[in-house]
Amino acid sequence: CMNYMLPVSYAWGNFSVLAVGIWAIVQRDSLDAITMFLTGLLLTVLTDIIHISIFYPPHDYLSDAKRFSVGMAIFSLLLKPVSCYLVYRMYRERGGE
């Protein structure tokens, strides 16, 4: 999805949530880290929908690379609810209410 079709904010948003996720995994007893990761995942679901819907190229300009990029972005978006559920279970295991 890094075919310069989507704006830089898409990459920065997803990579920053990935960095918070790594921090949440390393800090096993931190409830704040897992809360920030869950919040970031939920926000990126919304922003990914907005980015994909606004910057989807017209059919005339849809090359194979762009089609693959859009497919991977949509696949990532479809996997995020599963990730949110798993992170929520981690939140509950760490003592969240």
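Give me the residue from region 24-63 that is surrounded by 15 or more Cβ atoms within 10 Å (Cβ to Cβ) and over 11 Å from the mean Cα position of the chain (by Cα) and, out of that set, farthest from residue 94 (Cα to Cα).
Per the stated criteria, the residue is 56.
Of the numbered conditions (1) surrounded by fewer than 17 Cβ atoms within 10 Å (Cβ to Cβ); (2) touching a helix residue (DSSP H, G or I) at 6+ places or on another chain (Cβ under 7 Å); (3) farther than 18 Å from residue 89 by Cα, residue 9 fails exactly one; give the number of that condition.
(2)
Yes/no matrix, rows are residues, columns are (1) of a type in the set (D, E, K, R); (2) at pLDDT below 90:
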site: 3; (1), (2): no, yes
site: 12; (1), (2): no, no
site: 17; (1), (2): no, no
site: 28; (1), (2): yes, yes
site: 33; (1), (2): no, no
site: 37; (1), (2): no, no
site: 48; (1), (2): yes, no
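Would you mention how many residues in region 48-66 are closer than 17 Å to residue 9 by Cα and among the acidic types (Asp, Glu)?
So the answer is 1.
Residues in region 12-23 that are over 20 Å from residue 95 (Cα atoms) and among the β-branched types (Val, Ile, Thr): how many?
Number of matching residues: 1.
The values are calculated or read from the model by the stated rules, or taken from the named source; none is laboratory data. Everything quoted here is computed from the prediction, not taken from an experiment. All Cβ positions, glycine included, derive from the backbone under ideal geometry; neighbour counts span all protein chains shown.
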